[in-house]
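> One structure coming up, written as structure tokens, with questions to follow.
The values are calculated or read from the model by the stated rules, or taken from the named source; none is laboratory data. These numbers come from a predicted model, not from an experiment. Heads up, the Cβs are rebuilt from the backbone with ideal geometry, glycines too, and the neighbour counts pull from every protein chain shown. We work out accessible area using only protein heavy atoms, side chains counted, and drop any ligands, DNA or RNA first. Shrake-Rupley method; radii C 1.70, N 1.55, O 1.52, S 1.80 Å.
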Amino acid sequence: MSDARPTVFVVDDDVSVRESLKLLIESVGWHAETFGSGQEFLSRQWVPGPSCLLLDVVLPDLNGCDLQKLVADRAEMPIIFMSGHGDVPTTVRAMKAGAAEFFTKPLVDDVLLSSIRNAIDRSCAALRDAAETRALRDSYALLSRREREVMTLVVAGRCRLNKQVGGELGISEITVKAHRGRMMRKMRANSLPELVRMAARLCLAPL
């Protein structure tokens, strides 16, 4: 991103639409970047950040739905579709694939800005979620093999007590207590329910 502001990407083959949307977007303080084709947009180096994409359905190379598939891994970039011909099958296809909104041209400024604002809020939430998940994975990577085993048994619900965990792993209750304490500190978990939520986000498989 060129600065700290959220970025609204516009992909439309009509230069007048691109210019008018750029002016509208920047009038409320967001950063706008415009592209005349899907390939032009894809050639831009991607740097994750608060953003959304205003995407025309009909483009000179890739159509909007095809481009949507190619950027499906960019969860932090909600897509708002625009079309001069809002046919039902295309709308359904785009929305099923995760589009935030689908508008038929001509666009209504206030409605579009509200939708962009909601999309940027979703983008920020997705970025926060991704950062939290990365932090959890980093913490989990610090655990020893035994600490991971203790964590898996504890969050699975089968062995909540140290004595039960020790019986399952063939180690003493005192040893389990030590492993459990280190595991909780490394994971920065303040309670068992919090640890269970962490394990769910990490998709830990049972032993």
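> Identify, among Ser37, Val10, Ser191, the residue whose Cα sits farthest towards the positive end of the charge dipole of the chain, taking +1 on the Cβ of Lys and Arg and -1 on the Cβ of Asp and Glu, with the dipole about the Cα centre.
Working it through, the farthest residue towards the positive pole turns out to be Ser191.
> Then there's this: Compute the angle between helix 192-202 and the longest alpha-carbon principal axis of the chain, please, reported from 0 to 90 degrees and rounded to the nearest 10.
50
> Also, quick follow-up: Dividing the convex hull volume of the Cα atoms of the chain by its residue count, what figure in Å³ per residue is obtained? All intermediate terms of the calculation are to be shown ahead of the outcome.
Values: hull volume 31.2 nm³, N = 207.
In the chain, the Cα convex hull volume per residue is 151 Å³.
> Oh, and also: Give the shape of the stretch 29-120 as rounded, prolate or oblate, defined through the alpha-carbon gyration tensor: a ≥ b ≥ c are the square roots of its eigenvalues, a/c under 1.5 means rounded, and otherwise the shape is prolate if a/b is larger than b/c and oblate if not.
Details: a/c = 1.40, a/b = 1.08, b/c = 1.29.
Rounded shape, in that the Cα axes give a/c under 1.5.
> Something else now. Which net charge results when you count Lys and Arg as +1 and Asp and Glu as -1 among the other residues whose beta-carbon is under 14 Å from that of Pro106? Each step should come with its number before you reach the end.
On the way: positive: Lys105; negative: Asp12, Asp14, Asp56, Asp109, Asp110.
Its environment carries a net charge of -4.
> Please work out whether the stretch 120-174 counts as rounded, prolate or oblate from its C-alpha gyration tensor, where a ≥ b ≥ c are the square roots of the eigenvalues and a/c under 1.5 means rounded, while otherwise a/b larger than b/c means prolate and anything else oblate?
Details: a/c = 5.61, a/b = 2.74, b/c = 2.05.
Here the stretch 120-174 falls in the prolate category.
> Quick one: helix 173-187 against the long Cα principal axis of the chain, what's the angle to the nearest 10°, folded into 0 to 90?
Once rounded, one gets 20 degrees.
> Continuing with the same structure: Which of these, Arg122, Arg185, Arg18, has the largest mean-square fluctuation under a Gaussian network model of the chain (Cα springs below 10 Å)?
With Cα springs under 10 Å in the chain, the top fluctuation among Arg122, Arg185, Arg18 is at Arg185.
> Express the carbon and sulfur contribution to the solvent-accessible surface of the chain as a percent, rounded to the nearest whole number, probe 1.4 angstrom.
Numbers: 5990 of 11060 Å².
The value for the chain is 54 percent carbon and sulfur by accessible area.
> I've got another one for you. What 222 nm value per residue comes from the helices of the chain, counting each DSSP H run with n ≥ 4 as -39,500 (n - 2.57) and dividing by all residues, nearest 500 deg cm²/dmol? Write out the running numbers ahead of the final one.
Details: 9 runs with 113 residues, N = 207.
Helix contribution divided over all residues of the chain: -17000 deg cm²/dmol.
> Is there a quick way to get the dipole size of the stretch 100-207? I mean about its Cα centre, with the Cβ of Lys and Arg at +1 and of Asp and Glu at -1; what is the value in debye to the nearest 20?
Details: 20 positive and 12 negative charges, 137 e Å.
That gives a dipole near 660 debye.
> Explain nothing, just the number: relative contact order of the stretch 1-133, from Cα pairs under 8 Å at least 6 residues apart, as a whole percent.
23
> For the chain, with the dipole built from +1 on Lys and Arg beta-carbon atoms and -1 on Asp and Glu ones, taken about the Cα centre, which of Gly167, Cys65, Ala94 lies farthest toward the positive end?
So the residue we want is Gly167.
> Dipole of the stretch 61-146, Cα-centred, from +1 at each Lys and Arg C-beta and -1 at each Asp and Glu C-beta, to the nearest 20 debye?
On the way: 12 positive and 12 negative charges, 112 e Å.
Computed charge dipole of the stretch 61-146: roughly 540 debye.
> For the chain, find the longest principal axis of its Cα atoms and tell me its angle to the long axis of helix 145-156, 0 to 90°, nearest 10.
Its long axis makes an angle of about 80 degrees.
> What does the charge add up to near Arg134, with Lys and Arg as +1, Asp and Glu as -1, over the other residues with Cβ less than 15 Å from its Cβ? Walk me through the numbers before you get to the answer.
Numbers: positive: Arg128, Arg137, Arg188, Arg201; negative: Glu76, Asp129, Glu132, Asp138.
Spelling it out: positives minus negatives among the neighbours equals 0.
> Find how much the distance from Ser114 to Ala131 grows on full extension, using 0.36 nm per residue of separation minus their present alpha carbon separation; answer in nm with one decimal.
Details: separation 17, 0.36 × 17 = 6.12 nm, distance 2.60 nm.
Length difference between fully extended and current span is 3.5 nm.
> Follow-up. Of Ile171, Ile80, Ile25, which is the most mobile in a GNM of the chain whose springs link Cα atoms less than 10 angstrom apart?
Ile171
> Okay, which of the stretch 178-202 sit inside 11 Å, backbone N to the point 7 Å along the Cα-Cβ direction of Ser144?
Residues passing the 11 Å test: 178-180, 182-183.
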